[in-house]
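> The structure that follows is given in the form of structure tokens.
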Amino acid sequence: MTGVSGGSGGEAWETLRTDVLILGSGGAGLCAALSLSDAPHRPSVVLAVRGLFGKSGCTRMVQGGYNVVLREPDSLQDHFMDTLRGGQWLNDQELAWTLVREAPRRVLELENRAGCFFDRNPDGSVHQKPFAGQSHDRTVHKGDLTGIEIVNRLSEQVAAGDTKVLEEVRAVELLPDRSGQRIVGAVLLDQRRSSFTVVHAQATLLATGGGPTMYRIAAPCHDKSCDGIAMAWRAGATLMDMEMVQFHPTGLMIGPYQITGTVLEEGLRGAGAYLRDGAGERYMERYDPRGERATRDVVSRAGFMEIEAGRGSPDGAVLLDATHLGADVVEQDFRGMVRRCRDVGYDLAREPVPVSPTAHFMMGGVAIDAECRSDLEGLFVAGEDAAGVHGANRLGGNGVAESTVFGGIAGHAIASWVEDRGGNPPSFDPAWVAAVVERTSAPLERGGGGPDLYALRERLRSLMWEDAGLVRSEASLLSAMQGLGALREELGRAGCAPGRVYNLAWMDTLSMESYLDTCDVIVRSALERRESRGAHYRSDYPERDDDTYLCNLTVRRGESRPRRRDVRFTRMRPPGNHSRSLPLP
């Protein structure tokens, strides 16, 4: 790796050359880095982290656990079928099968190589707990804070190797070669030094995590703003299933604070916790015979509809009640959740706690193949930035499994890809980089005047929640589209106060740009899918329509509307038309 100066007629930047650039240090990025370190020719690797290495990102926030088949009577076929049913048959079946097939190997690797230690049964076997939508108890966990264990151990292993880690740097654009046909790295912004770096690489892995924090109530860490999906969109990659945004049913509600929306993990409902309305009555069986153990899309919409119908609590929530499980059981099995609730004045073990649906996960993202390749040469994608594994709804516990499984697969594929090509990557155009640097710095040049950035952000969050959230219609989505256009025009006039180092307003402006690009594709895709399926619910088309919409929606920049692509039933066909709609109250 060599550092040189670049730039012409404007701000200079540094150029860093490497074989592989990994954007993101969650489960996908870390497993890819470890996989690359095992490659026979050991390519050089730069890993760029928007936050602090090992201390940021969404994998670290995983509470519930990791779905994996370890023993009978569970089977790979059962896990596969649960995943397809949960995804309402929109899943890429080869990706879904890869997930369930490789998850047992990855869990063994996490324990035996990385040093993760998951909870045990009295006989020493790995304990697995129940999650919604699963035919067997298959969720491996470390208490109710599993992600911390996984990320801590993986990051220790990566830090012990020769991967070059860049902390608090933000990718602002993927870097094309001079032909525009291949991705050869990315342009990064160092938040500590307020300087730009071009990382020039043979292969780039997009593993930034999605993070739908553009909704009023949201669960992901707040340094997630769909940057990876937005950059891939701007670079010309094909996106798929973007209408499918998952809401978790039980986000903690404590008023206008950042912690509002933080998830109370699904294992609580798996263990038998109830959901109650404001009057204390259980309501889930009116929506689904599985009750509280229905899939996330059903339970989230049910809670939203109860609140919208005025049957929630006075503070606009429903109630999660685990008291009948016994205080000792709750305090023993859900220590992290008990502490989290106590920190904000609630006693989860002894009283119902107010919760609301909370934006949680992007099932849509960049379309990939079985080796995590996008349709842009040189760009690989893994984890929440990628589409296809989960279809229309993700099962709890399948997310961190996806990240670690496909992160490892991406590492293997990239190592072979880089070895086959050898030498230096194709050159890039310095004038293109200069334009990116100028455009990224523009909010600083406008100063502190213009529309208020944070007022714009609150408008966006309300717009997406009300018009493109859990319940949608043609009228609401057209309203959202109009609102997004107005916000984009106003954001173009918003400026930032002077001062470049750790300028949070500047970072939030860049996040707004990513939000608007991503939201535009979400809304256009939701308008195109005139049915209800999984996480996508249209009140004007409340039934599932397999005849017309048993398809994925794909979209590329410059196309006037999303395209339909038939689902590839490579392993299993859906058993007849068993559509059912969620009843409106």
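Read-outs: derived from the displayed coordinates by stated rules, not from any lab. In this text, all values refer to a predicted model and were calculated from it rather than measured experimentally. When we count neighbours, we look across all protein chains shown, and the Cβ atoms used for this are built from the backbone with ideal geometry, even at glycine.
> I need the calculated FRET efficiency for the pair Arg342 and Phe117, taking r as the beta carbon distance and R₀ as 22 Å, to the nearest 0.05.
The calculated FRET efficiency here is 0.30.
> I'd like the distance between the alpha-carbon centres of the range 306-324 and the range 264-297, rounded to an integer number of Å.
About 11 Å separates the Cα centre of the range 306-324 from the one of the range 264-297.
> So what's the projected area for the chain, the Cα convex hull averaged over all directions, in nm²? List each step's numbers first, then the result.
On the way: hull surface 100.2 nm².
Reported value for the Cα convex hull: 25.0 nm².
> I've got another one for you. At 0.36 nm per residue, and after removing the present C-alpha to C-alpha distance, how many nm does the segment from Thr570 to Ser125 gain when stretched out fully? All intermediate terms of the calculation are to be shown ahead of the outcome.
On the way: separation 445, 0.36 × 445 = 160.20 nm, distance 3.44 nm.
Net length gain for the segment: 156.8 nm.
> Nearest 5 is fine: what % of DSSP beta bridges in the chain come out antiparallel, could you say?
Percent antiparallel among DSSP bridges in the chain is about 65.
> Using the crude model of +1 on Lys and Arg Cβ and -1 on Asp and Glu Cβ, and no other charge, please compute the dipole size for the chain relative to its Cα centre, in debye to 20. Mind dumping the intermediate values first?
Values: 67 positive and 79 negative charges, 49 e Å.
Its charge dipole is roughly 240 debye.
> Another question, if that's okay. By average Cβ neighbour count within 10 Å, what is the ranking of 41-47, 176-182, 361-367, 380-386 from highest down?
Details: 41-47: 20.3, 176-182: 14.9, 361-367: 28.4, 380-386: 31.4.
Ranked by mean Cβ neighbours within 10 Å, highest first: 380-386, 361-367, 41-47, 176-182.
> Just report the Cα centroid separation between the range 83-125 and the range 436-454, whole Å.
Distance between centres, Cα-based: 44 Å.
> While we're here: Find the Rg to Rh ratio for the range 147-267, where Rh is the Kirkwood radius over alpha-carbon pairs and Rg uses the same atoms.
Values: Rg = 17.3 Å, Rh = 17.1 Å.
Checking Rg against Rh, the ratio lands at 1.01.
> Output needed for the range 441-555: three equivalent-ellipsoid semi-axes, defined as square roots of 5 times the C-alpha gyration tensor eigenvalues, in descending order, whole Å. Don't skip to the answer; put the middle values down first.
Working: eigenvalues 239, 32, 21 Å².
That gives 35, 13, 10 Å for the three semi-axes.
> Could you list, in their original order, any pairs among Lys55/Lys164; Lys142/Lys164; Lys129/Lys224 whose Cα atoms are separated by more than 24 Å? Could the numbers behind the result be given before it?
Working: Lys55/Lys164 17 Å; Lys142/Lys164 29 Å; Lys129/Lys224 29 Å.
Checking Cα-Cα distances, Lys142/Lys164; Lys129/Lys224 exceed 24 Å.
> OK, next. Starting from the amide H of Arg182, placed 1.01 Å from N in the peptide plane, find each other amide H under 5 Å away whose residue is 5 or more places distant or on another chain.
Those qualifying (amide H under 5 Å, at least 5 residues apart or on another chain) are Asp177.
> Short version: ³J(HN,Hα) in whole Hz for each residue of the range 523-536, in order, from phi by Karplus 6.51 cos²θ - 1.76 cosθ + 1.60 (θ = phi - 60°), x for Gly and Pro, what are they?
With coefficients 6.51, -1.76 and 1.60, one gets 5, 5, 5, 5, 5, 6, 8, 8, 6, 10, 7, x, 6, 9 Hz.
> Restricted to Cα positions, what overall size does the range 248-358 have along the principal axes? Three whole-Å values, descending.
32, 31, 23
> Turning to a different aspect of this structure: Roughly what would the spin-label model give for Gln482 and Arg193, points 7 Å off Cα along C-beta, in nm?
Between Gln482 and Arg193, the label points sit 4.8 nm apart.
> Tell me, what ³J(HN,Hα) does each residue in the range 302-318 have, in order and in whole Hz, if you take phi through Karplus 6.51 cos²θ - 1.76 cosθ + 1.60 with θ = phi - 60° and put x for Gly and Pro?
4, x, 4, 5, 4, 5, 5, 7, x, 9, x, 6, x, 9, x, 9, 10
> Would you list the P(r) distribution for the range 46-114, with all Cα-Cα distances sorted into 10 Å bins from 0 and each bin expressed as a whole %?
17, 36, 34, 13, 1
> Return the FRET efficiency for the residue pair Val329, Arg290: r is the Cβ-Cβ distance, R0 is 25 Å, and the value is rounded to the nearest 0.05.
Values: r = 22 Å, r/R0 = 0.88.
Given R0 = 25 Å and the Cβ-Cβ separation, E is 0.70.
> In addition: Run the simple label-point estimate for Glu559 and Leu76 please: 7 Å along Cα→C-beta, distance reported in nm.
3.2
> Exposure proxy check: His360, His324, His390 ranked by fewest other beta carbons within 10 Å?
Taking fewest neighbouring Cβ atoms as first place, the list is His324, His360, His390.
> Here's a follow-up. Round to the nearest 0.05 the FRET efficiency obtained for Ser462 and Arg439 when R0 = 25 Å and r is the Cβ-Cβ distance. Write down the numbers at each step before the final one.
Numbers: r = 28 Å, r/R0 = 1.10.
Calculated transfer efficiency: 0.35.
> Summing -39500 (n - 2.57) over the DSSP H runs of n ≥ 4 in the chain and dividing by its residue number, what mean residue ellipticity at 222 nm do you reach, to the nearest 500 deg cm²/dmol?
-10500 deg cm²/dmol
> Moving on. What whole number of Å gives the distance from the Cα centroid of the range 126-202 to the Cα centroid of the range 530-574?
30
> Just grab the label-to-label distance for His41 and Ser427, each label 7 Å out from Cα along the Cβ direction, in nm (one decimal).
About 2.3 nm separates the two model spin labels.
> Which of Trp432, Trp417 has the fewest other C-beta atoms within 10 Å, and how do the rest follow up to the most?
So the ranking, lowest neighbour count to highest, is Trp432, Trp417.
> List every residue whose amide H lies under 5 Å from the amide H of Arg170, counting only residues 5 or more places away in sequence or on a different chain, with H placed 1.01 Å from N in the peptide plane.
Leu189, Asp190, Gln191
> Taking θ as phi - 60°, what are the ³J(HN,Hα) couplings along the range 332-345 by the Karplus curve (6.51, -1.76, 1.60), each to the nearest whole Hz, with x for Gly and Pro?
Once θ is set to phi - 60°, the couplings for the range 332-345 become 7, 8, 10, 4, x, 5, 4, 5, 4, 5, 5, 4, 10, x Hz.
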